[in-house]
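Everything on this sheet refers to the single structure shown next.
Readers should treat all values here as calculations from the given coordinates under stated rules, not as data from a laboratory. Note that the coordinates shown come from a computational prediction; the quantities given were computed from them, not determined experimentally. FYI the Cβ positions are ideal-geometry reconstructions off the backbone, even for glycines, and counts take in every protein chain you see.
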Amino acid sequence: MTTDAVEPNRRDFLVVAGNAFAAVGAASLLWPFIQQMNPDASTKALSSVDVDLSPVKEGQAITVLWRGKPIFIRNRTKTEVEAAVNVDVKTLPDSLARNEALPADDPATDANRTVKGHENWIVLVGICTHLGCIPKGQAMGDERGEYGGWFCPCHGSVYDTSGRIRKGPAPRNLDVPPYTFSADTKIKIG
Ligand code: FES
């Protein structure tokens, strides 16, 4: 993998495979490369991934690969958390939490999509629920849409800072994968 084509903001965007950090380009550039490698036995075999969050400063995001899927992890600012919390779930296009750790009918509050005591962290499967594109919003300077979360350029779906669909054709919120905090700045996904 080369880093020659990395965008100027590369220091703000890290992709992690397992515990190994590697600076690479934007997810939209990376994903076709990852897909070329599928199916990859070593990737499929990673049923769980440990991620060190300590390098991810407030406002930054990283993408890790888990079971062949990009997982978005963002260290949200207080403003981003407040924006996510202060939403009436009844107004959302998809009112369900979509959190694998919770019952299927739990509502899409921000609390139901984060871990108590670690509410600044949002962890999402980074695949648009419309037709599977990789939304923008991980790299600094990416378009994030009017709700400050993620924007899918394929057909214009807009997700908020909790990864909930707010506008556009995507029918569902971004999924929250199963994960636990093994330490204050360490998570195990899967
Ligand atoms: S795939 Fe994201 S809006 Fe269509």
Below 12 angstrom from the Cβ of Val81, what's the summed charge of the other residues (Lys, Arg +1; Asp, Glu -1)? -2
Using modelled amide H (1.01 Å from N, peptide plane; none on Pro or chain starts), what sits under 5 Å from the amide H of Asp106, excluding residues fewer than 5 places away? Ala97
Charge dipole (debye, nearest 20) of the range 83-190; +1 at Cβ of Lys and Arg, -1 at Cβ of Asp and Glu: 120 debye
Between Thr77 and Lys90, what length comes free when the chain is fully extended (0.36 nm per residue of separation minus the Cα-Cα distance, one decimal in nm)? 2.2 nm
Total charge of the residues flanking Asn99 in space, meaning their Cβ is under 14 Å from its Cβ, with Lys and Arg +1 and Asp and Glu -1, is -2
Between Met140 and Arg172, how many nm apart are label points set 7 Å from Cα along the C-beta direction? 3.4 nm
Between Ala183 and Glu100, what is 0.36 nm times their sequence separation minus the Cα-Cα distance? Round to one decimal in nm. 27.8 nm
Could you compute Rg(Cα) / (2.2 N^0.38 Å) for the range 117-190, with N its residue count? 1.13
